[in-house]
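Asks: What follows is a structure written as structure tokens; I'll ask about it next.
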Amino acid sequence: MNTAIDGMAVSQTVRYMEQGDVAVILLANPPVNGLGDTVRLGIAEGLSRAAASAQVKAIVLAGAGKVFCGGADIRQFNTPAATAQPTLRQVIRQIELSSKPVVAAIHGVALGGGLELALGCHYRIVTADASLGLTEVNLGLVPGGGGTQRLPRLIGTVAALELIQSGKQVRGSKAVALGVADALIDGEVVAGGMAFARRMAGQAGPHPVIAAKPPADAAGLDFSAQRAAVNPRARNALAQGTAIACVQAATHLSLEEGLDFERSLFDELVAGPESKALRHLFFAEREAAKLQGQAVKTLPRTIASVAILGAGTMGAGIAMAFANARIPVVLYEREQAALDRGMELIRRNYAVTVSKGSLSAELMQERLGRIVPTLDVHRLADADLVIEAVFEDMAVKQAVFKQLDAICKPGAILATNTSRLSIDDIAAVTRRPQDVIGLHFFSPANVMKLLEVVRGDATSDEVIASCMKMAQGIGKIPVLVRVCEGFVGNRMLTGYWREAGFLLEEGASPAQIDAAMKRFGFAMGPLTMADLAGMDINWATRKRLAPTRPAHLRYSKVADRICELGRYGQKTSAGYYRYDPGSRTPIADPVVDALIEQCASEAGIVRREITDQEIVERCVLALVNEGARIVEEGIAQRASDVDVVYANGYGFPAWRGGPMFHAETMGLDVALKKIQQLHATHGEHWTPAPLLVQRVAEGRVNF
Ligand code: NAI
């Protein structure tokens, strides 16, 4: 639904009109009617006019274009306009004091400050498909315009906290059921709003003001239990805890006191490092999807059908990702048994989601119905996009792509899910290298949001643009990268794991390294991660790359020796740790300790006490240094893309913003100095990335 712009301008971004006994104040600040200074001013002016007009009995507040209001105007963040008078709090106060009822007529979205504005109104009516939410926690913030004080007063503390703490959006119909909104809008937004306003004007006052009443269930929530239940590893744990404190304040403070309390905590969060990091990632994720250069202007191809080769771990997950997004999938395997295993894996995964209550049985059937298993390779012929997810072996992949080249329709996009191999070498065996691209999904592919879109030398802009758009369409966060060993994410792991291996030899234990990295905020430590991913896979990569490894460089044999014992990680119940049958809990293993000591002594290393600080610095700075090279080489489009990859695919703490942002927060000069010290102590592996040196020399604080 689109609301037309009408009426007279009362500020640069707000229109006002009177139709009989109803005044309409229309926010007109594209793209989302963000609450910038001129919008706030315009609403205040509109309210004053309506108050002064003898004929006006009721007021409608609505948004021009596609939405009611998306919240604060992010373009004005950190500018004087953001805090210019009237503030949102003052505007809302003016609404609440109006003797003529004010109705928020909501279509599209009412998010953050947009919903807070609506909560100031006497009535809220919504279209069924509108999205409402206080989503500030996603940016490491709490609502700062009264949301934490008014929503509990409107729908109770339990329901309010659920919305505020989760940052989730609810549809219009759900908002009515929850009591956030009074009714659904019948017909066009402004007309529907006016009809409703006229009805309310006819009712005896006073009209409901949320501020006037305390929360109905003030005693209904155990706030300390709620606080204890916050996952300390959640990206926004601090904001969640603050949201709880604010809602609790609503139960015992007056509205004005509560608003002061909320605002002071909001101000603290805005200035704090966590929210800065989360806001950085928020923008970085949106930026990552944008293309630079020619590809920007290209029209993407339509991708309405997908075929996948290989129904293993990845193929099955990728099939689910498309089926979930309502795109039909043909899933191909060479043998019935493998196909059955793949379909069984998919069914099991869906069944788990259903048992958790996050998916209905009907929806599961619908999704399963979109995945068509086949042993007939010719069924791939009509697909718009074909994704290969067979074994990680160049010869196997090249054979598959030769076959695809022969079978697939002209214009089909031929993608590989390889995590390391060269897209160019794969494309070279086809007669259409321009249509070949890498789509590096992460495991589990139906859950993980990150997608490295790997462009080969010959990949066309049209194919790139199509895949970036497709990725967003299925809810992924795409990052465009170029071909190199391991692309962005896995390439950076090499240095990260290298340092972990060296630290083991120098005196740390696997448990100490993993605990230190977890304390830094990683979802899991590097050695637990290696055990989870399967140590054999990296072993194979190391063997493949051995001929390219300079002989004079230090090399830790620990990982190879563990693999030589047949210990491949969780899948064999033993790797860096041992695991009880069926358990994923790592247990320290004296066999590994002895093996590490053996490797150290063979390499002539005298083991010493290693501090947690050294562990964190060496592992994290290895990521930073390699990330800087990746940016310099143009493998990633921008430094923030590296952050997006690491925060979304590798468990880097989002509240630190990703490795590159972390280095910027630490100070690029400080990061460089530490790397130079490591270079002096540990040698060539630590040669500082030229880009980092250059940035510091230029006095720049960002990459
Ligand atoms: P997998 O071993 O679980 O599955 C591979 C499947 O491909 C098997 O079911 C096999 O029967 C089938 N297959 C082999 N040759 C085939 C052919 N010619 N035609 C049709 N099917 C064939 O392997 P996984 O883990 O799913 O990996 C697949 C690809 O995804 C590899 O390139 C891997 O590097 C990549 N990848 C794996 C990730 C992971 O975490 N496992 C993450 C990201 C990428």
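Asks: Here's a check for you: in segment 349-386, which residue that is among the β-branched types (Val, Ile, Thr) and in contact with a helix residue (DSSP H, G or I) (Cβ under 6 Å, 6 or more places away or on another chain) is surrounded by the fewest Cβ atoms within 10 Å (Cβ to Cβ)?
Replies: So, considering only residues that are among the β-branched types (Val, Ile, Thr) and in contact with a helix residue (DSSP H, G or I) (Cβ under 6 Å, 6 or more places away or on another chain), the one surrounded by the fewest Cβ atoms within 10 Å (Cβ to Cβ) is 354.
Asks: How many residues does segment 114-126 contain that are closer than 25 Å to residue 2 by Cβ and touching a strand residue (DSSP E or B) at 6+ places or on another chain (Cβ under 7 Å)?
Replies: The total comes to 9.
Asks: Return the residue satisfying two criteria in turn: it lies in segment 51-71 and is under 18 Å from residue 134 (Cβ atoms) and free of Cβ contacts under 8 Å to residues at least 60 places away in the same chain, and of such residues it is surrounded by the most Cβ atoms within 10 Å (Cβ to Cβ).
Replies: 69
Asks: Kindly evaluate residue 346 against the criterion of being outside any helix (DSSP H, G or I), crowded, with 18+ Cβ neighbours inside 10 Å and more than 21 Å from the chain's Cα centre (by Cα).
Replies: Numbers: outside any helix (DSSP H, G or I): no; crowded, with 18+ Cβ neighbours inside 10 Å: yes; more than 21 Å from the chain's Cα centre (by Cα): yes.
No, not satisfied.
Asks: Being within 26 Å of residue 238 (Cβ to Cβ) and touching an Asp or Glu at 6+ places or on another chain (Cβ under 7 Å) is the filter here; which residues of segment 652-702 pass it?
Replies: Residues of segment 652-702 within 26 Å of residue 238 (Cβ to Cβ): 652-668, 670-671, 701-702.
Hits for segment 652-702 are 655, 657, 658, 659, 660, 661, 701, 702.
Asks: Looking at this structure, is residue 608 in contact (Cβ under 8 Å) with a residue 40 or more places away in the chain, on the phi < 0 side of the Ramachandran plot and outside any loop (DSSP other than H, G, I, E, B)? Don't jump to the end; show me each part of the working.
Replies: On the way: in contact (Cβ under 8 Å) with a residue 40 or more places away in the chain: yes; on the phi < 0 side of the Ramachandran plot: yes; outside any loop (DSSP other than H, G, I, E, B): no.
Against the criterion (in contact (Cβ under 8 Å) with a residue 40 or more places away in the chain, on the phi < 0 side of the Ramachandran plot and outside any loop (DSSP other than H, G, I, E, B)), residue 608 does not qualify.
Asks: Also, quick follow-up: Looking for whichever is surrounded by 14 or more Cβ atoms within 10 Å (Cβ to Cβ) and either within 21 Å of residue 412 (Cβ to Cβ) or away from the ligand (no atom under 14 Å from the Cβ) (or both) here; the options are 331, 299. Which one fits? Quick ask: steps written out before the conclusion?
Replies: Details: 299 fails: surrounded by 14 or more Cβ atoms within 10 Å (Cβ to Cβ).
The conditions single out 331.
Asks: Continuing with this model, one more query. Hey, does segment 418-428 have a residue that's assigned by TED's automatic domain parsing to the domain that holds residue 307 and either touching a Leu at 6+ places or on another chain (Cβ under 7 Å) or more than 26 Å from residue 630 (Cβ to Cβ) (or both)?
Replies: Keep residues of segment 418-428 that are assigned by TED's automatic domain parsing to the domain that holds residue 307, which gives 418-428.
So of that shortlist, the ones also either touching a Leu at 6+ places or on another chain (Cβ under 7 Å) or more than 26 Å from residue 630 (Cβ to Cβ) (or both) come out as none.
No, because not a single residue in segment 418-428 is assigned by TED's automatic domain parsing to the domain that holds residue 307 and either touching a Leu at 6+ places or on another chain (Cβ under 7 Å) or more than 26 Å from residue 630 (Cβ to Cβ) (or both).
Asks: Of these, 660, 666, which one is without any contact (Cβ under 8 Å) to a residue 24 or more places away in the chain and not assigned by TED's automatic domain parsing to the domain that holds residue 239? Show your work before the answer.
Replies: Values: 660 fails: without any contact (Cβ under 8 Å) to a residue 24 or more places away in the chain.
The unique qualifying residue is 666.
Asks: Could you check segment 123-144 and list, in sequence order, the residues that are in contact with an Asp or Glu (Cβ under 7 Å, 6 or more places away or on another chain) and without any contact (Cβ under 8 Å) to a residue 60 or more places away in the chain?
Replies: Within segment 123-144, the first condition is being in contact with an Asp or Glu (Cβ under 7 Å, 6 or more places away or on another chain), and the residues that meet it are 123-125, 140, 142-144.
Hit for segment 123-144 is 124, nothing else.
Asks: Moving on to the next point. Step by step: first the residues of segment 427-444, then only those that are crowded, with 23+ Cβ neighbours inside 10 Å and within 12 Å of the ligand (Cβ to nearest atom), then the one that is nearest to the chain's Cα centre (by Cα). Which residue is that?
Replies: If we take residues in segment 427-444 being crowded, with 23+ Cβ neighbours inside 10 Å and within 12 Å of the ligand (Cβ to nearest atom), then 441 is nearest to the chain's Cα centre (by Cα).
Asks: So which residues in segment 1-26 are among the small types (Gly, Ala, Ser) and surrounded by 16 or more Cβ atoms within 10 Å (Cβ to Cβ), if there are any at all?
Replies: If the condition is that a residue be among the small types (Gly, Ala, Ser) and surrounded by 16 or more Cβ atoms within 10 Å (Cβ to Cβ), then 7, 11, 23 are the ones that fit.
Asks: Taking the criterion of being within 26 Å of residue 534 (Cβ to Cβ), outside the structural domain of residue 647 (by TED's automatic domain parsing), of a type in the set (Gly, Ala, Ser) and within 15 Å of the ligand (Cβ to nearest atom), would at least one residue in segment 319-327 satisfy it?
Replies: The answer is yes, given that some residue of segment 319-327 is within 26 Å of residue 534 (Cβ to Cβ), outside the structural domain of residue 647 (by TED's automatic domain parsing), of a type in the set (Gly, Ala, Ser) and within 15 Å of the ligand (Cβ to nearest atom).
Asks: In addition: Among the residues in segment 514-531, are any surrounded by fewer than 21 Cβ atoms within 10 Å (Cβ to Cβ) and more than 27 Å from the chain's Cα centre (by Cα)?
Replies: Taking segment 514-531 first, the residues surrounded by fewer than 21 Cβ atoms within 10 Å (Cβ to Cβ) are 515, 518-521, 523-524.
Then drop every residue that is not more than 27 Å from the chain's Cα centre (by Cα), which leaves none.
Checked segment 514-531: no residue is surrounded by fewer than 21 Cβ atoms within 10 Å (Cβ to Cβ) and more than 27 Å from the chain's Cα centre (by Cα).
A quick yes/no check of all residues on (1) modelled with pLDDT of 95 or more; (2) of a type in the set (A, V, I, L, M, F, W, C); (3) in contact with a strand residue (DSSP E or B) (Cβ under 7 Å, 6 or more places away or on another chain):
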| residue | (1), (2), (3) |
| --- | --- |
| 7 | no, no, yes |
| 17 | yes, yes, yes |
| 25 | yes, yes, yes |
| 33 | yes, no, yes |
| 43 | yes, yes, yes |
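Asks: Can you find, within segment 413-426, the residue that is nearest to residue 542 (Cα to Cα) among those that are assigned to a strand (DSSP E or B) and away from the ligand (no atom under 12 Å from the Cβ)? Outline the logic, then answer.
Replies: First pass over segment 413-426, keeping only residues assigned to a strand (DSSP E or B): 413-416.
Cutting the leftovers down to away from the ligand (no atom under 12 Å from the Cβ) gives us 413-414.
Values: 413: 31, 414: 28 Å.
Looking at the filtered set, the residue picked out is 414.
Asks: Quick one: which residue in 483, 488 is of a type outside the set (S, T, N, Q) and more than 22 Å from the chain's Cα centre (by Cα)? Break it down stepwise before answering.
Replies: Values: 488 fails: more than 22 Å from the chain's Cα centre (by Cα).
Exactly one residue qualifies, and that residue is 483.
Asks: Would you please name the residue that is farthest from the chain's Cα centre (by Cα), looking only at residues in segment 380-412 that are within 12 Å of the ligand (Cβ to nearest atom) and under 16 Å from residue 328 (Cβ atoms)?
Replies: My answer is 380.
Asks: Answer yes or no: is there a residue in segment 557-571 that is under 28 Å from residue 643 (Cα atoms) and away from the ligand (no atom under 16 Å from the Cβ).
Replies: yes
The values are calculated or read from the model by the stated rules, or taken from the named source; none is laboratory data. Owing to the predicted nature of the structure, the values given are computational and were not obtained by experimental measurement. Heads up, the Cβs are rebuilt from the backbone with ideal geometry, glycines too, and the neighbour counts pull from every protein chain shown.
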